[in-house]
Amino acid sequence: MVSVNGSAKREKSEVVLRLTKWPALGWVLYAVLALSAGAAFAAMARPALVPQGVRSVVPFVFIAFLVLFALYRFELVRAGRFAAGRAFLQVGVGVLFSVLLLLARPPLAANEGRPFERLLRHSDPEVRAFACDVARYLPEGRGAAKLLVARLRDSNPQVRAKAKSSLVALAGRDLSVDVGGGQAAGSQESPASLDAWERWAETMAGEHPTR
């Protein structure tokens, strides 16, 4: 047992010694940590330019680099190659910054975490149109009735057309007030038609509550 413990200690001391012989490693870790901090700050400062999913994981990327940096610093402290006070100060600042990033991390909306509903909100109109088109065939379709109705106001006519087709299939009939007027596919719905679809979506929300 003593020989095993002694061997383990020797191996650990050799690892620490090898780390201390590579001073550039500390600078590389510090640079990567600074870059990840800058990227995290930029993502939070310019949310419109960064997808919400990316902004949600940015703090954890910074924390991962911080853990590596902290392990390296504390090994240097144990080897007597770095001042303990400076190491605790640097890591402490990193921990404080991590807390601030986590507090600023955008929360997911009630329906945002559900994959199908994220597709209905996607920034690419082709993705939104595809999601609207397949909604009628999916169990989640009726549960996403409100989002489908919202797509009737989409800026893209193809998205509006696909949303309308799925809504008609799910409802079993066309609730648009102006359906008899030869309405073109993808055209804007009238306020009265939107109101009728929204009332129907409310009833679907009661039958299929969001989990």
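Please pick out the residue among ARG151, ARG142, ARG128 that is at pLDDT below 85 and surrounded by 17 or more Cβ atoms within 10 Å (Cβ to Cβ).
Among ARG151, ARG142, ARG128, only ARG142 is at pLDDT below 85 and surrounded by 17 or more Cβ atoms within 10 Å (Cβ to Cβ).
What pairs come out if I take residues in region 36-47 that are within 17 Å of VAL95 (Cβ to Cβ) and surrounded by 12 or more Cβ atoms within 10 Å (Cβ to Cβ) and pair them with residues that are of a type in the set (Phe, Trp, Tyr) and at pLDDT 70 or above whose C-beta lies under 7 Å away, six or more apart or interchain?
Between residues of region 36-47 that are within 17 Å of VAL95 (Cβ to Cβ) and surrounded by 12 or more Cβ atoms within 10 Å (Cβ to Cβ) and residues that are of a type in the set (Phe, Trp, Tyr) and at pLDDT 70 or above, the close pairs are SER36/PHE62; SER36/PHE65; ALA37/PHE62; ALA37/PHE97; ALA40/PHE62.
Under the condition of being part of a helix (DSSP H, G or I) and without any contact (Cβ under 8 Å) to a residue 60 or more places away in the chain, which residue from region 77-89 is surrounded by the most Cβ atoms within 10 Å (Cβ to Cβ)?
It comes out as ALA87.
Given GLN188, GLN158, which one is farther than 27 Å from VAL57 by Cβ and modelled with pLDDT under 85?
Residue meeting the stated conditions: GLN188.
So, PHE60, is that one modelled with pLDDT of 80 or more and under 15 Å from the mean Cα position of the chain (by Cα) or not?
When the stated conditions are applied, PHE60 passes them.
The values are calculated or read from the model by the stated rules, or taken from the named source; none is laboratory data. Keep in mind that what you see is a predicted model, and the values were worked out from it rather than measured. Note: ideal-geometry Cβ built from the backbone for every residue, glycine included; neighbour counts use all protein chains shown.
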